[in-house]
Each structure stands twice: as structure tokens, then as C-alpha cells.
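Below is one structure, written out as C-alpha cells; the observations come after it.
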């Protein structure tokens with residue numbers, strides 16, 4: 001008898017990552033390609049994180065601390081929460097899976113607001129959850145629609161704030177209204193992977209809700225974006241200790257690698273690297289705004305480190321033409337929009353190269 005996979009797998013679409021630089025250069029026979037597809041920090045890791053890893057290399061033969069003690073202690077001091085409010089994962093992607101493994105039963109409803117990060121849907125479907133979709137309105141979350149969609153079967157709501165791929169955000173006032181409307185049995189997951197880039201004064205303080213403990217809320221953050229440690233895969237969740245305890249029950253032993261823990265703990269204290277990263281991002285997005293506006297291409301003002309922009313032609317076509325010029329971006333069709341692109345904000349030099357290549361594509365069209 002043939003071995004059959006779980007029925008839930010039939011609905012799951014494998015994640016499609018951005019193309020690595022090495023793959024593009026190898027396939028096209030080019031050099032000096034730049035990747036503006038995966039929202040990585042163009043400045044690279046914190047120098048303090050690099051130094052900490054260098055010093056720790058000789059201990060790489062040992063298993064990591066399964067409890068991530070030093071990293072959780074550093075995070076607790078940084079965030080002003082108790083260490084029992086924290087769980088560290090192999091990227092925040094792993095914590096998304098832990099959440100559905102711990103709390104989702106087959107048939108439970110999960111609210112997802114497309115276009116958004118595909119791993120919300122993946123984590124829900126993997127455990128047999130039924131995704132209910134509340135589409136964005138002009139690329140902004142439909143908060144009234146989301147409130148109306150909450151029903152007796154609703155168990156989890158996923159919100160990316162800022163949202164990926166749009167860069168838009170839910171304001172403090174709108175989030176407050178949603179939270180106050182939530183039944184006690186619903187878990188709200190606030191994915192704040194890009195929160196360190198936000199420059200709006202209307203951004204909500206999710207940790208205030210976590211400390212308050214009156215609603216079931218978990219905030220997710222990561223070292224993959226502004227901290228420049230995407231290759232080490234370290235993310236974390238912040239929630240009431242009772243919620244965190246449930247996640248620990250389904251967490252694998254030694255789930256966060258040793259060097260990742262060391263680097264992340266060091267990166268927290270590198271305020272200079274953080275501010276430089278914010279500055280480069282702020283200047284880069286203003287440059288891209290001006291250039292895209294001059295080209296007559298629509299874009300969304302972003303609270304993250306990427307820009308969701310109109311494609312001058314079908315996005316796959318533009319993607320291939322940019323790729324041939326050594327520029328890797330993200331196509332919008334994977335999010336359901338074949339007329340949009342998502343472009344990571346790079347260094348000044350990378351941004352200039354992208355715009356120059358885009359202008360070539362436009363003139364050739």
C-alpha cells in the first residue's frame with residue numbers, strides 16, 4: 001500500500017524564497033548581482049555580533065543552551081518584561097508553527113488578511129485549521145471586516161504589523177478597537193518583524209497589551225531584519241507566561257543554534273548599528289519615492305524596509321528583465337498581484353542601480 005501524506009498537506013503551497021545571489025550569478029553568468037528581494041539589512045550584521053561569534057566559535061562542538069538563557073535575559077532587560085514572557089525560535093517562522101501546534105485543533109478558524117506573509121496560512125493549514133480570508137482594502141487591513149469575521153470557531157488572528165508585502169501598518173487606535181472586541185478564547189498574533197523600522201508615532205505598543213494580560217496576545221519579533229542576522233535564524237515571541245509555557249511544550253530541544261544565540265544577544269546592545277540601519281533605510285525610501293514618482297509608478301509609503309510598487313508590465317516579465325541586469329526583486333504574483341513588485345531598500349549604491357535598471361526596462365518596453 002502506498003504511503004499517503006496527511007490530508008492537510010494537499011492545501012499547502014511550498015514557500016518560494018527569494019533567489020540567492022550565488023544562484024543568479026551562476027545561472028546567468030554574471031557578477032556583482034544585488035539582492036533586493038528578501039528584506040535583509042544591506043549593512044549586514046552588527047559588528048558586536050560578529051565579534052561575539054568569533055570569540056564563541058571554539059565552543060561550536062557543544063549543544064546550544066536549549067533555554068536560551070543569556071539571550072532571554074538580554075531580551076528581558078531590553079523589553080522590560082520577565083524572562084518567562086519570552087520564547088526564542090529558529091526564526092519567528094518556527095514560533096508561528098509552535099502557536100498553531102499548541103493552540104489549533106482541526107476545524108478551528110484562523111483569520112488571515114491577504115496580501116500578507118504566506119507562513120500564517122501555512123502554519124494554520126498544517127494543523128488542519130480553516131483559513132478565513134479578510135482581504136485588504138487598498139492594501140490596508142480591513143479592521144471592520146476583520147472584527148465582523150470573528151465567529152464562534154475563530155481561534156487565531158494573524159496580523160503583520162507592519163504588513164509584508166505592503167509596508168502598511170495598523171495604528172494604535174485601530175488595534176485598540178480590535179483588541180477590545182476580541183472574545184477571551186481568541187489568540188491575536190502580532191507579527192512585528194519590521195517594527196524597528198517604523199517611524200510613525202501612531203504605531204501601537206503591543207507590549208503594553210502583553211503586560212496587561214487581559215487578552216490573549218503574542219507579539220513576534222526577529223533578528224533577521226534590522227539586526228542583519230537572517231542567516232542565523234533567530235526570532236522570538238513575547239506573551240503572557242501561561243501562553244509561553246504552552247509553546248515550550250511543543251518546542252524542539254536545542255531549537256536555536258549556539259552562534260545565533262551569541263550573535264543576537266550581542267546585537268541587542270549595538271545601538272549604533274541600529275541607528276545607522278534606520279538612517280540608511282529612511283534615506284533610501286525617500287530616494288525611491290522620488291524616483292518612482294518621477295517614473296509615474298504607484299507605490300505605497302512604507303513603515304518597513306521595502307517598497308510595494310506598481311510594475312510597469314506584468315511583474316514576472318519585469319522581474320526577469322531586472323534579473324538579467326543583476327537585480328533580484330520579489331514578484332507580486334506570489335501574493336496574488338501580478339502587477340506589483342516588492343523591492344527591499346538597499347544601500348544608496350544599490351538603490352541607484354535598481355532605479356537605473358528599472359529605467360532601462362521601461363525604455364525597452
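Among the residues of the range 200-216, is there at least one that is touching a residue at least 40 places away in the same chain (Cβ under 8 Å), assigned to a strand (DSSP E or B) and farther than 24 Å from residue 46 by Cα?
No.
Among the numbered criteria (1) at pLDDT 95 or above; (2) part of a helix (DSSP H, G or I); (3) farther than 18 Å from residue 190 by Cβ, which one does residue 146 miss?
Failing condition for residue 146: (3).
Do we have any residue at all in the range 275-282 that's surrounded by 21 or more Cβ atoms within 10 Å (Cβ to Cβ), within 18 Å of residue 225 (Cα to Cα), within 20 Å of the chain's Cα centre (by Cα) and not assigned by TED's automatic domain parsing to the domain that holds residue 91?
Scanning the range 275-282 turns up at least one residue that is surrounded by 21 or more Cβ atoms within 10 Å (Cβ to Cβ), within 18 Å of residue 225 (Cα to Cα), within 20 Å of the chain's Cα centre (by Cα) and not assigned by TED's automatic domain parsing to the domain that holds residue 91.
Please find, within the range 318-352, the residue that is farthest from residue 138 (Cα to Cα) out of those that are assigned to a helix (DSSP H, G or I) and touching a strand residue (DSSP E or B) at 6+ places or on another chain (Cβ under 6 Å).
Among them, the one singled out is 350.
Out of all the residues in the range 158-178, which are crowded, with 24+ Cβ neighbours inside 10 Å and more than 16 Å from the chain's Cα centre (by Cα)?
Selection gives 175 alone.
So residue 232 fits all but one of (1) surrounded by 21 or more Cβ atoms within 10 Å (Cβ to Cβ); (2) touching a residue at least 60 places away in the same chain (Cβ under 8 Å); (3) assigned by TED's automatic domain parsing to the domain that holds residue 59; what number is the exception?
Failing condition for residue 232: (2).
Hand me the list of strands (runs of 3 or more DSSP E) wholly inside the range 31-137 holding 1 or more residues that are over 21 Å from the mean Cα position of the chain (by Cα), assigned by TED's automatic domain parsing to the domain that holds residue 230 and surrounded by 18 or more Cβ atoms within 10 Å (Cβ to Cβ).
109-112
State yes or no: is residue 218 under 25 Å from residue 38 (Cβ atoms), in contact with a helix residue (DSSP H, G or I) (Cβ under 9 Å, 6 or more places away or on another chain) and surrounded by fewer than 22 Cβ atoms within 10 Å (Cβ to Cβ)?
No, not satisfied.
Is the range 186-198 home to any residue that is in a helix (DSSP H, G or I), over 18 Å from the mean Cα position of the chain (by Cα) and closer than 22 Å to residue 104 by Cβ?
No, that holds for no residue.
Taking the range 252-311, which residues are part of a helix (DSSP H, G or I) and in contact with a strand residue (DSSP E or B) (Cβ under 6 Å, 6 or more places away or on another chain)?
Selection gives 288, 292.
Within the bounds of the range 6-27, is there any residue that is in the same structural domain as residue 280 (by TED's automatic domain parsing), within 30 Å of residue 125 (Cβ to Cβ), outside any loop (DSSP other than H, G, I, E, B) and touching a helix residue (DSSP H, G or I) at 6+ places or on another chain (Cβ under 7 Å)?
No, there is no match, as no residue in the range 6-27 is in the same structural domain as residue 280 (by TED's automatic domain parsing), within 30 Å of residue 125 (Cβ to Cβ), outside any loop (DSSP other than H, G, I, E, B) and touching a helix residue (DSSP H, G or I) at 6+ places or on another chain (Cβ under 7 Å).
Report the residue count in the range 225-251 for those that are in a loop (DSSP other than H, G, I, E, B), within 20 Å of residue 38 (Cβ to Cβ) and out of contact with any strand residue (DSSP E or B) (no Cβ under 7 Å at 6 or more places or on another chain).
Residues that pass the stated criteria total 6.
Collect the residues in the range 1-24 that are free of Cβ contacts under 8 Å to residues at least 40 places away in the same chain and closer than 28 Å to residue 226 by Cβ, keeping them in residue-number order.
Answer for the range 1-24, where residues must be free of Cβ contacts under 8 Å to residues at least 40 places away in the same chain and closer than 28 Å to residue 226 by Cβ: 14, 17, 20, 22, 23.
The values are calculated or read from the model by the stated rules, or taken from the named source; none is laboratory data. Quick caveat: nothing in here was measured; it's all calculated off a predicted structure. Cβ atoms come from the backbone with ideal geometry, glycine included; neighbour counts cover every protein chain shown.
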